[in-house]
Structures are given as C-alpha cells and as structure tokens.
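Nothing in this text is a laboratory measurement; each read-out follows from the coordinates by a stated rule. Note that the structure is predicted; figures quoted are calculated from it, not measured. Note that each Cβ is placed from the backbone with ideal geometry, even for glycine, and that neighbours are counted across all protein chains shown.
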Amino acid sequence: MYIQNEYVDKKVSLNLINVSKKYLQPHTNRIHTVLDNINIQILEGEIVTIVGKSGCGKSTLLNLIAGFENSYGGEILLNGNPVKDISPERIMMFQESALFPWLTTFQNIEIALKMAKIPKDQREEIVMHYLEIVGLSDYSHSYIHQLSGGMKQRVALARALSLNPKILLMDEPFAALDITIKKSLCKELLDLHKKTRKTILFVTHNINEAVLLGDRVIVMSPQIYGIKKEYVIDIPKDQRYENPTIKNIINQITSDLYEYN
Ligand SMILES: Nc1ncnc2c1ncn2[C@@H]1O[C@H](COP(=O)(O)OP(=O)(O)OP(=O)(O)O)[C@@H](O)[C@H]1O
Ligand SMILES: [Mg+2]
C-alpha cells in the first residue's frame, strides 16, 4: 500500500485505522476511554515522534502496536498484516533498559536471539555486529551493573536492532538519562537510522528531542483521546540545531501542550 501525498512512492510500514482503546476502571466499573479514533500512517524508514501530556495514552498506543494487548477497536496493520500478538517484527524499548543483570552484555543480546530462534552458529556474529554498531565491542563481557545508564540503553538498542525488527517502538528511552548523554544518544540514534533505515516510533516528553529526531511530530491530547496536531519537519536532521524554524516549531508544540484542547 502506498500513500498518495508528498511521500509518494514510499511504502506504508505501519497503518493505524480508527484505533481506540478503553479500559474498565477496576473500582468504579466505569469505562475509561484512553484512545479514540487514532489514524496514523508511518512510512518505511520514517521516524515519527509522539509528544503529549502525561496520561494521554502514548504508552498505551505503543503497547497496542507492540501486541501487548489485543483488545482494541479499529485496525493496526504492519506491512498490511494485522497486529495480533507480540513479534520480533515490532520491538519495544523502554525508559528502563530491561536487561538481565546476571548476564553479560553479550549474553543479554544472545538470549533475545535464542528466543527468536536464531540458530546458535549465527548468534555470535550478529551480537558482535550490533555491539560494534553501538560502540560497545569492548564491553561484550561486562555485566550490566558495570555499565553506565547510557551504555545500558545502547545495549538495549543493540538487542532491539539485532532482532531485525520492521519497526522499533521507543517509549521515552532516554528519559532517565543525563542531558548530555541524552543528546549524544539522540545523535547516535540518527547515525544508526542512517545505516539501518529502520522505521521508528518514538515517544518522548522532551519537545526538543521530538523535533530533532522526527520526520514528523504527532501531538496527542488527553481531552480528545487522540491526535491534536501533526508537524511535518522537512529540515535535514543535521541542520536542526539552533535553527530558527525549528525553534519556532518547538514554541508552537509547547503552546499546543499547554492549551486546554
Ligand atoms: N492496563 C491498564 N488498565 C487500566 N488503565 C490503564 C492501563 N494502562 C494505562 N491505563 C490508563 O490509560 C491512561 C493512559 O496511560 P498511558 O500510560 O498510556 O499514558 P502516557 O501518555 O504514556 O503517560 P506518561 O507520559 O505519564 O507515560 C491512564 O489514565 C492510565 O491510567
Ligand atoms: Mg508513558
């Protein structure tokens, strides 16, 4: 399937059609709408970032796409196939790196490959390839507690990429990190994206991060249970720092987030 607009000729990777999600509140037995009528199309190789107030449903949306929950309204299609369950095609990266502390860096990635049924004789090469990509070849035998927060997120990123997903779902992956590490990881993510051209859906509270990384930025609002605005950022990513147009977009998104609706 192809979109007929300025992205002509690029293939749709992820297609969300009228997606909605409601929860039953345990104590009140009331239905709580979190997402209503969400329509998003993400093209292959695109980075789409999502910002929105706490509780507006960003993680819920990523969880649905990851296949963690299968009761929802509407349709979620990856390369035209309905999302029904978890799959190595859709890998989620969280704020906390979710690594096993009793395993080494190498083993943390290898175990994911094992679970994805990658044959044993191929695993070492794949692990070392992705460790090299994230600059951690020298730390393959380190245990997780011997790594810094930024290094842990790099391992999580290497692990996610090693599964060769069709889409990478990133839920505030750098939120817990120091500002300088956050900046360098953003740059590294862009370098990695140049090499791998992975489709990425990236949730963040940091508007700067959203605007520096995204080909598009989606602004969600809890008042409408969905998408309030979308910004297409057609400035090359290496020209976005200190760029007046970018600063203007950051200001607009900031006011979108502070308006009531
Ligand atoms: N499993 C669940 N059961 C019931 N309600 C849930 C569940 N998961 C999320 N919610 C509700 O859905 C709403 C959206 O939560 P979600 O975690 O998606 O927000 P968010 O935008 O990611 O917020 P934050 O920026 O704080 O991470 C919240 O009101 C939350 O209580
Ligand atoms: Mg969240």
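General remarks:
- Range in the chain, longest, excluding exposed chymotrypsin sites (Phe, Trp or Tyr not before Pro) [loop by DSSP; at most 12 other beta-carbon atoms within 10 Å]: 103-240
- Annotation for Asp36 and Leu77: the two label points, set 7 Å from Cα along the Cα-Cβ direction, are 2.6 nm apart.
- Residue among Ala176, Gln95, Gly55 farthest towards the positive dipole end of the chain, charges placed on Cβ: Gly55
- Loop-located trypsin sites (Lys or Arg not before Pro) across region 102-136 with a Cβ neighbour count of 14 or fewer within 10 Å are Lys117, with loop assigned by DSSP.
- Under 12 Å, Cβ to Cβ, from Asn63 - net charge with Lys/Arg +1 and Asp/Glu -1: +1
- Net charge, Thr254 excluded, C-beta distance under 15 Å - Lys, Arg +1, Asp, Glu -1: +1
- Rounded to 0.05, the FRET efficiency of the Tyr241 and Asn29 pair, given R0 = 35 Å and the Cβ-Cβ distance, is 0.10.
- Distance-filtered residues of region 72-90 - backbone nitrogen under 20 Å, label point 7 angstrom along Ile17 Cα→Cβ: 72-85
- For the listed residue pairs Lys10/Lys229; Lys10/Lys247; Lys117/Lys229; Lys21/Lys198; Lys166/Lys247; Lys84/Lys229, the alpha carbons are over 30 angstrom apart in Lys117/Lys229; Lys166/Lys247.
- Approximate spin-label separation Lys187-Ser255, in nm, with each point projected 7 Å along Cα-to-Cβ: 3.2
- If you plug the beta carbon distance of Glu125 and Asp178 into 1/(1 + (r/R0)^6) with R0 = 51 Å, you get a FRET efficiency near 0.95.
- DSSP-assigned coil residues among GluC sites (Glu not before Pro) in region 172-261, each with at most 11 further Cβ atoms within 10 Å: Glu242, Glu259
- Kirkwood estimate for region 96-164, i.e. one over the average of 1/r between Cα atoms, Å: 11.5
- Here Lys84 and Tyr143 are evaluated by their C-beta separation; at R0 = 35 Å the FRET efficiency comes out at 0.45.
- Charge tally in the Cβ shell below 13 Å around Ile144, where Lys, Arg are +1 and Asp, Glu are -1, Ile144 excluded: +2
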